[in-house]
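A.B. asks: One structure, pasted below without further comment.
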Amino acid sequence: MNLRQLAYFRAVVEHGSLAAAADVLRVAQPNLSTAIKQLEAEWGVSLFERAGRGLAVTDTGKALYERSAELLSGASALDQEMRAIGRGFTARLRVGFTQMSTEIITAMVAQIHEEGAAVSFSLQQGEPQLLETMVELRQLDFAITHMPVANLGLGAEVLAPMTIVLLCREGDDRWPLHGEITPDALANVPLILLRRRSGGGIYERIMGAFASAGVSCSVVADCTDMTAIYPLVERNVGLGLLPVHALYKAHAGFSMHPVALLSSPERLVLIYPRGRRQLPAVRRAMDLCRTILRGSR
């Protein structure tokens, strides 16, 4: 077994056929077929079954896919780290973040760069569940995500509260310039909410808050990707109802209004692997994230 064989195997699984994988990898299809046969022969297993014109992954193939994805990810990270050291960097930090914490991470990276530290970065944006998994597998040094943290085995430190805001187009005069919007004012207003792919989060909290207030909540769309909410608001599909921290600024042409909805705020949280001795560069990056948020309050 070698990493190239595993990479070929993974590509076939992800693209569903030898032909499609060969096209993406820009290699000859017989090379892929040979690599798969060599793996099967070496272990005495069957990784694929014919399914029409494509291939169906066997249970053994599925197990190998999960393990090989982890191994290839680790090999890629190691390769990048060694190349960074070869270019004169003393450390490579792997940091995860959600869309709502982008400003914090970019400010931290910019500050470390200004300090002249010989550090390079691998930045991973993702949903909370993905980030928790990557931190647990030591694929990330730390991540900034949202409460709640489902994986109780991770270290977790609450960084800052977030405010619920109504995102609308600039010039929408239905909303007060000062003070908070009440749930009653949003009754039957078409709303667009963020929602996790799995597990509970802000979507469930908002829906529960409307129910507790006895107000009808009209959700016209929910999105896992915040970038999709802006064009929907711009096209008058509805108004966004989002959690934001103090550093967050609305895009040009949009405005935000605070909403008095949740009895306790949403919270940003820093997660990290327990029981792992952190490099000085990792500790510095985590401290900067804390400082940046404290300074924004």
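A.B. asks: Among the residues of the range 158-191, write down those that are over 20 Å from Ala246 (Cα atoms) and touching a His at 6+ places or on another chain (Cβ under 7 Å).
C.D. replies: Correct list: Trp175 only.
A.B. asks: In the range 231-243, how many are under 24 Å from the mean Cα position of the chain (by Cα), crowded, with 17+ Cβ neighbours inside 10 Å and without any contact (Cβ under 8 Å) to a residue 60 or more places away in the chain?
C.D. replies: Qualifying residue count, the range 231-243: 1.
A.B. asks: Further question: Return the residues of the range 86-126 that are farther than 18 Å from Leu279 by Cβ and in contact with a helix residue (DSSP H, G or I) (Cβ under 9 Å, 6 or more places away or on another chain); say none if nothing qualifies.
C.D. replies: Phe97, Thr98, Gln99, Met100, Ser101, Glu103, Ile104, Ala107, Gln125, Gly126
A.B. asks: Using beta carbons and a limit of 8 Å, which pairs, at least six apart or on different chains, have the first residue in the range 64-76 and farther than 10 Å from Arg10 by Cα and the second one assigned to a helix (DSSP H, G or I)?
C.D. replies: Leu71/Leu3; Leu71/Leu6; Ala75/Leu3
A.B. asks: Further question: State the number of residues belonging to the range 145-177 that are assigned by TED's automatic domain parsing to the domain that holds Leu232 and in a loop (DSSP other than H, G, I, E, B).
C.D. replies: Residues that pass the stated criteria total 8.
A.B. asks: Still on this structure: Would you tally the residues in the range 1-38 being among the acidic types (Asp, Glu) and either outside the structural domain of Thr60 (by TED's automatic domain parsing) or within 13 Å of Tyr65 (Cα to Cα) (or both)?
C.D. replies: 1
A.B. asks: Go through (1) part of a helix (DSSP H, G or I); (2) at pLDDT 85 or above; (3) surrounded by 14 or more Cβ atoms within 10 Å (Cβ to Cβ) for Ala69 and report which single condition fails.
C.D. replies: (2)
A.B. asks: In the range 249-293, which residues are among the aliphatic types (A, V, I, L, M), surrounded by 14 or more Cβ atoms within 10 Å (Cβ to Cβ) and not in a strand (DSSP E or B)? Show your work before the answer.
C.D. replies: First, the residues of the range 249-293 that are among the aliphatic types (A, V, I, L, M): 250, 252, 256, 259-262, 268-271, 279, 281-282, 285-286, 288, 292-293.
Going one step further and asking which of them are surrounded by 14 or more Cβ atoms within 10 Å (Cβ to Cβ), we end up with 250, 256, 259-262, 268-271, 279, 281-282, 285-286, 288, 292-293.
Selection gives Ala250, Ala260, Leu261, Leu262, Leu279, Ala281, Val282, Ala285, Met286, Leu288, Ile292, Leu293.
A.B. asks: Filter the range 127-148 for residues that are closer than 24 Å to Leu72 by Cα, buried (at least 17 other Cβ atoms within 10 Å of the Cβ), touching a helix residue (DSSP H, G or I) at 6+ places or on another chain (Cβ under 7 Å) and aliphatic (A, V, I, L, M) and give the result.
C.D. replies: Within the range 127-148, Leu140, Ala143 qualify.
A.B. asks: A follow-up question, please. I need the full set of residues from the range 49-66 which are of a type in the set (A, V, I, L, M, F, W, C) and at pLDDT 85 or above, in order please.
C.D. replies: Residues satisfying the conditions are Ala56, Val57, Ala63, Leu64.
A.B. asks: Only residues that are hydrophobic (A, V, I, L, M, F, W, C), closer than 30 Å to Gly200 by Cβ and in a helix (DSSP H, G or I): list them for the range 102-140, please.
C.D. replies: Ile104, Ile105, Ala107, Met108, Leu130, Leu131, Met134, Val135, listed by residue number.
A.B. asks: Would it be correct to say that Ala246 is within 24 Å of Phe97 (Cβ to Cβ) and either touching a residue at least 40 places away in the same chain (Cβ under 8 Å) or outside any strand (DSSP E or B) (or both)?
C.D. replies: yes
A.B. asks: Just give me the residues in the range 188-221 being at pLDDT 90 or above, touching a strand residue (DSSP E or B) at 6+ places or on another chain (Cβ under 6 Å) and exposed (fewer than 14 other Cβ atoms within 10 Å of the Cβ), in sequence order.
C.D. replies: Of everything in the range 188-221, those that are at pLDDT 90 or above, touching a strand residue (DSSP E or B) at 6+ places or on another chain (Cβ under 6 Å) and exposed (fewer than 14 other Cβ atoms within 10 Å of the Cβ) turn out to be Ser218, Val220.
A.B. asks: Given the conditions (1) assigned by TED's automatic domain parsing to the domain that holds Leu194; (2) closer than 21 Å to Ile105 by Cα, and given that Ala260 satisfies all but one, which numbered condition is not satisfied?
C.D. replies: Of everything listed in (1) assigned by TED's automatic domain parsing to the domain that holds Leu194; (2) closer than 21 Å to Ile105 by Cα, Ala260 misses just condition (2).
The values are calculated or read from the model by the stated rules, or taken from the named source; none is laboratory data. Please read these numbers as outputs of a predicted model, since none were measured by experiment. Quick reminder, even Gly has a Cβ in these numbers, built from the backbone with ideal geometry, and neighbours come from all protein chains shown.
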